[in-house]
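The values are calculated or read from the model by the stated rules, or taken from the named source; none is laboratory data. In this text the structure is predicted, and so the values were computed from the model without any measurement. Methodologically, a virtual Cβ is constructed for each residue, glycine included, from the backbone with ideal geometry; neighbour enumeration extends over all protein chains shown.
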């Protein structure tokens, strides 16, 4: 089993090693049992461009256009109470969409990417945002983890140094 982080886009160069460290941290911090065996996970994280995200959005959700994050849970237990233990799934993140949301929320695209990674891991842990009650619970946990991650990691450094974007 493994944790894989890959960037399949070129517009927003990311430090995959730092993103992988953040993913490992989020896996441990989000585990209700806190007995995480990182080798037991089969999690793949992909940073993709708008075209690939739009294809994934249509293929998996039947929604048109790119979105910020898509989580595919192959463990088959999405929704309900948070679950401990190994995760099996994929998370697709679109940095171009992250940049749009970053402008709206006064953050950086790399901070938004970190938020989407945490959001995806929470979905794999069983959190659901399909109704108001569950969304509030998930958002509360997401905010807790994002704040804690910002203390542990310089989230702005997920973007490779020297990156200048002309968007």
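Consider residue 90 carefully, then state whether it is in contact with a helix residue (DSSP H, G or I) (Cβ under 6 Å, 6 or more places away or on another chain) and either crowded, with 19+ Cβ neighbours inside 10 Å or part of a loop (DSSP other than H, G, I, E, B) (or both).
no
Restricting the search to region 27-65, which residues are in a loop (DSSP other than H, G, I, E, B), modelled with pLDDT of 95 or more and either closer than 18 Å to residue 6 by Cα or in contact with a strand residue (DSSP E or B) (Cβ under 7 Å, 6 or more places away or on another chain) (or both)?
Answer for region 27-65, where residues must be in a loop (DSSP other than H, G, I, E, B), modelled with pLDDT of 95 or more and either closer than 18 Å to residue 6 by Cα or in contact with a strand residue (DSSP E or B) (Cβ under 7 Å, 6 or more places away or on another chain) (or both): just 49.
Within region 97-135, how many residues turn out to be assigned to a helix (DSSP H, G or I), under 14 Å from the mean Cα position of the chain (by Cα) and in contact (Cβ under 8 Å) with a residue 40 or more places away in the chain?
Qualifying residue count, region 97-135: 17.
Hey, among the residues in region 66-77 that are modelled with pLDDT of 95 or more and not in a strand (DSSP E or B), which one's farthest from residue 93 (Cα to Cα)?
66
Mind listing whichever residues of region 125-138 are at pLDDT 95 or above and either in contact with a helix residue (DSSP H, G or I) (Cβ under 9 Å, 6 or more places away or on another chain) or crowded, with 18+ Cβ neighbours inside 10 Å (or both)?
Selection gives 138 alone.
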